[in-house]
Each structure stands twice: as C-alpha cells, then as structure tokens.
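Read the structure below first, then the notes.
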Amino acid sequence: MNANDQSAVQARGLHFAYSGEKAIFSGLEMDVPLGSVYGLLGANGIGKSTLMKALVGLLPLQAGRINLLGGPIRQKAFQDVGLLIEQPNIYPHLSGVDNLLVMATYRKTERSRVSEVLNLVGLEEAGNKQVRHYSTGMKQRLGIALAILHRPRLLLLDEPANGLDPVGIVAIRRLIRALNQEEGMTILLSSHLLSEVEQSCTHLGILARGRLAYQGSLEGARSQLSQGLRLRLHCNPTGPALDAMRAAGWKADPGENGGLQLLLSGKPEISQVIDLLRGAGIDIHELIIEEDRLEDFFLSLYQ
Ligand code: ATP
C-alpha cells in the first residue's frame, strides 16, 4: 500500500471476528482525509467501537493493512494518536488537574500543557475539584483533555455525545470543532445518530453489513441522494389515493397523522401525482416536498 500523505487513516481489506463469532467486518476499506472531522456512523452493535480499536492496534486483525498518518500503527499510535474509546481512565479521588498531571508524567509532556488543555475543554474552574464530583459531561471533557494532552495529530472519539444532555452535546460539538480548526487535529468520531454526524462532521463513513456502505464528504452524500424526493400528502379519501398511486407504480405508504408519503425520482413527477389524484376525484388538502434524504439513505442500509 502506498502511504497517502493526505490520509490520516488508510485501511485496506480489514477483516475481524471475535473468537468463535461471525465477522464484524470483512474486506473493509477506509480513508479518513487529513484535516477532516470524520463521522463513523452505524446502528448500535454494528461494530463501530470494534473498528476503532482495530484501527489503532488494540484488537488483532485477521487480515488487512492500516496506515496511520502515513506510517504503520506501531510507530504512530502512541505518539501521534489520542484515544477516547469507552470509559476514560480516570482516578475519581484525584482532581482533574491531578489526573492530567499523572498523564503528563506518563506522556512526558510539559506541565504547562495541563492548564492549556483544561482551558480548551472548558474545565478551568473545575480543575481542582475531585473527579467523582464531576457530571457526566465534565468527565467526558476530562477524558478528551487526557486524550489530547500530548498534542496528537489524530484523535479518535467513540460516541463522544453518549449520555450527555443537550447542553453537554453542544459543548462537545464546539470542542470538536475547536480541536479540528484551532489545534489542527484530524478527528474520527463514532455515532449512531445521523443528526450528530451531520452537525459535527465534514466526512462520513456508514458502517453496514461489515463494510462502509458509504464513504465520502457530507456534501457528497447529500448531492448523491438529491435526485430523489419524498412527498407527504393529506388526501380525502385516503385509501383510494393510496391504491391509485400504487397502481400507477409509485412507492406509496401510509405516513404520519393519517397522511400518505411517497418517493419520487424527481420534481417532474409531482404534477403527475396531482393529475392522477384529481382525475380520480380525490381532494388534496396538504402537500409537502422534502428533498433532504440523507436519513432515508441511512435507513435504507438497514433494510
Ligand atoms: P454501540 O453503538 O452500541 O456502541 P458498536 O457499533 O460500537 O455499538 P461494538 O461495540 O463494536 O458495536 O460491538 C459489535 C458487536 O461485537 C456486538 O454484537 C457486540 O456484542 C460484539 N462484541 C463486542 N465486544 C466483544 C467481545 N469482546 N467479545 C465478543 N463479542 C463482542
């Protein structure tokens, strides 16, 4: 494999199964562009944490090759990568500052970096408090502070918004943006929520059926899917409207609040639907056109 200078993570042909279990991923290819915030998206239990651990050498692959920041995992993982996968290793009876000082000794990082990262994650005022008195969101931010103490170029965060309230989620989102834009870190984060990835990430990879079913920029995903659209209708009578649309070959289904929804391949079909329903003597009370179908695409991968 040629090391690609533009890739922070480059994975080829990855295969992994837990002992005696069926494969979690097989033939998986992944490219995380340098400088991106890459969201690894997938349903609960699909294998996101497993993949993240495998990418940094915490789980042994049965096959495949990985380059991190243009080099093999062994060279790069400790020095240039920061990790927050599952629970952070935190001493609850120590303060946030003392936890960071323990890590600074282990990492041989200068002590002045401790106050720098506390400021970055917004824990400057709580730094001297024992961590057992921290909220979930504060512990999560301390976990990130520990992971970035040694100024990694690549940061892996497993479900960083999990268990946080809306205020905590917004704080983590801002922090991710700041680490990416101000500290220049490439960030690979996992999430099972499309909305979270849409708001935080520049790129996404959707893990489904052991591979990345989509990988690329968020914009690319949106434009790739913009040829189709969804129509929501309220008609009277509803049943004959559904029958008429299905008979005409459209994919129509009952929708919310007694309405109907149907998928069209493009805008010219809208007038055809209206003509069909009017011709059948059906009244249209409401018609809503939705073009953003990233969620449909995401859901379709699980059907
Ligand atoms: P979530 O979104 O719920 O965190 P995930 O996508 O991160 O899930 P993983 O935690 O990677 O998924 O788990 C993938 C599958 O592997 C699950 O079916 C899980 O039960 C299984 N699994 C995880 N760890 C182990 C293990 N140590 N031994 C055997 N099976 C495991």
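The values are calculated or read from the model by the stated rules, or taken from the named source; none is laboratory data. Given the structure is predicted, the values throughout are model-derived calculations rather than measurements. Cβ placement follows ideal geometry from the backbone for every residue including glycine, while neighbour counts extend to all protein chains displayed. Only protein heavy atoms, including side chains, enter the accessible area calculation; ligands, DNA and RNA are left aside. Shrake-Rupley method; radii C 1.70, N 1.55, O 1.52, S 1.80 Å.
Computed from the Cβ-Cβ distance with R0 of 45 Å, the FRET efficiency linking D253 to V167 stands at 0.75. Here the chain carries DSSP beta bridges of which approximately 65% are antiparallel, counting only pairs with both residues inside. In the full protein context, segment 144-303 carries 48 Å² of accessible surface per residue, based on a 1.4 Å probe and ignoring ligands, DNA and RNA.
Residues of segment 265-294 with the amide nitrogen closer than 15 Å to a label point 7 Å from the Cα of R232, along Cα-to-Cβ, please. Only 285-294 fall inside the zone, counting backbone N under 15 Å.
Between helix 136-148 and the chain there is an angle of about 60 degrees, using the helix long axis and the longest principal axis of the Cα atoms.
Only lysine pairs 8 or more places apart or on separate chains count here, and in the chain those with Cα atoms under 19 Å apart total 6.
Rounded to the nearest 10 degrees, the angle from helix 268-279 to the longest Cα principal axis of the chain is 40 degrees. For the chain, carbon and sulfur atoms together expose 48% of the accessible surface, with a 1.4 angstrom probe and every protein chain in place. Axis of helix 96-107 versus longest Cα principal axis of the chain: the two differ by about 70°, to the nearest ten degrees. Note on S223 and R177: the model spin-label points, each 7 Å out from Cα along the C-beta direction, lie 2.3 nm apart. From its DSSP helices (H runs of at least four residues, each -39,500 (n - 2.57)), the chain gives a residue-normalised ellipticity at 222 nm of -10500 deg cm²/dmol. Projection of the Cα convex hull of the chain, averaged over all directions and equal to a quarter of that hull's surface, yields 19.4 nm². Model label sites at L94 and Y18, defined 7 Å from Cα along the beta-carbon direction, differ in position by 3.0 nm.
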